[in-house]
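Engineer: The structure follows.
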């Protein structure tokens, strides 16, 4: 099945708010997300204060279409929130596919439906790099290969290592801000060149390519992280050969 893994953050911390206001903020986001998941044939599970998982039995494309529409809807929601000087929400989504177990957990007095899948576990690891990479929607390679060819804007980010092994990720950027879409399209060939040079461990030339991109697309977090990784690999004894994100103190996130 297609699997959608979603997390959201508010522009201001909700800690310190009255309990009623906390739940009002969380539910206001869900009120915009859930109708879209239902409309695209999905079923939501594992509801948390900052996101959920959903499965799409019909197709992985249904999950991606829901993700794009969710981002567009939340963008409109945020405009209204800003006009009222209220908290906005930033949504980030991982689309994957795989075998899914559906069932109930609990005891005789209380049971809840849930989903068990390695795809969801992987998605949780992948989601951790999105915010620091300027990414909003990504697909795993298996999910990407099941999509219609050339229908959605995309670029291959490269490999990211999860507990299950290395996974190739794709940036699906149809829902990005207009200026970022144009920058990604403008530098597409150069970005692909930089990723290929990095794969070949030509870190000097990869650094130079990503430095050129960063001059004009400072908000492109993927290029910025590749620039840092290339620079680091030039002198590091132990090379980092897959995509990751490092904190300011040089520690891998």
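The values are calculated or read from the model by the stated rules, or taken from the named source; none is laboratory data. Keep in mind the model is a prediction, meaning the values are calculated, not measured. Backbone-built Cβ (ideal geometry, glycine too); neighbour counts: all protein chains shown.
Engineer: Among the residues of region 98-112, is any under 30 Å from residue 240 (Cα atoms) and either in contact with a helix residue (DSSP H, G or I) (Cβ under 6 Å, 6 or more places away or on another chain) or not assigned by TED's automatic domain parsing to the domain that holds residue 35 (or both)?
Structural biologist: Taking region 98-112 and keeping what is under 30 Å from residue 240 (Cα atoms), we get 98.
From what's left, either in contact with a helix residue (DSSP H, G or I) (Cβ under 6 Å, 6 or more places away or on another chain) or not assigned by TED's automatic domain parsing to the domain that holds residue 35 (or both): 98.
For region 98-112, residues under 30 Å from residue 240 (Cα atoms) and either in contact with a helix residue (DSSP H, G or I) (Cβ under 6 Å, 6 or more places away or on another chain) or not assigned by TED's automatic domain parsing to the domain that holds residue 35 (or both): present.
Engineer: List the number of the failed condition for residue 47; all other conditions in (1) in contact (Cβ under 8 Å) with a residue 60 or more places away in the chain; (2) surrounded by fewer than 16 Cβ atoms within 10 Å (Cβ to Cβ); (3) under 18 Å from the mean Cα position of the chain (by Cα) hold.
Structural biologist: All conditions pass for residue 47, except number (1).
Engineer: Return the total of residues in region 76-104 being assigned to a helix (DSSP H, G or I) and either within 22 Å of residue 58 (Cα to Cα) or touching a strand residue (DSSP E or B) at 6+ places or on another chain (Cβ under 9 Å) (or both).
Structural biologist: As a first pass, look at region 76-104 and keep what is assigned to a helix (DSSP H, G or I): 76-83.
Filter again for either within 22 Å of residue 58 (Cα to Cα) or touching a strand residue (DSSP E or B) at 6+ places or on another chain (Cβ under 9 Å) (or both), leaving 77-78, 81.
Selection size over region 76-104: 3.
Engineer: Quick one: is residue 35 at pLDDT below 95 and surrounded by fewer than 17 Cβ atoms within 10 Å (Cβ to Cβ)?
Structural biologist: Values: at pLDDT below 95: no; surrounded by fewer than 17 Cβ atoms within 10 Å (Cβ to Cβ): yes.
When the stated conditions are applied, residue 35 does not pass them.
Engineer: Select from region 199-239 the residues that are surrounded by fewer than 17 Cβ atoms within 10 Å (Cβ to Cβ) and in a loop (DSSP other than H, G, I, E, B) and list them in ascending order. Write out each step before concluding.
Structural biologist: Looking only at region 199-239, we keep the residues that are surrounded by fewer than 17 Cβ atoms within 10 Å (Cβ to Cβ), and these are 199-202, 204-205, 208, 211-212, 215-216, 218-219, 231-232, 234-239.
Correct list: 200, 201, 202, 218, 219, 236, 237, 238, 239.
Engineer: For the condition at pLDDT 85 or above and closer than 21 Å to residue 8 by Cα, what is the one hit in 95, 120? Lay out the reasoning, then the answer.
Structural biologist: On the way: 120 fails: at pLDDT 85 or above.
Just a single option satisfies the conditions, and that option is 95.
Engineer: Another question about this same structure. List every residue pair whose Cβ atoms sit under 6 Å apart, with the two residues 6 or more apart in sequence or on different chains, where the first one lies in region 230-251 and is within 20 Å of residue 127 (Cα to Cα) and the second, anywhere, is in a loop (DSSP other than H, G, I, E, B) and at pLDDT below 90.
Structural biologist: Close Cβ pairs satisfying both conditions: 245/253; 247/253.
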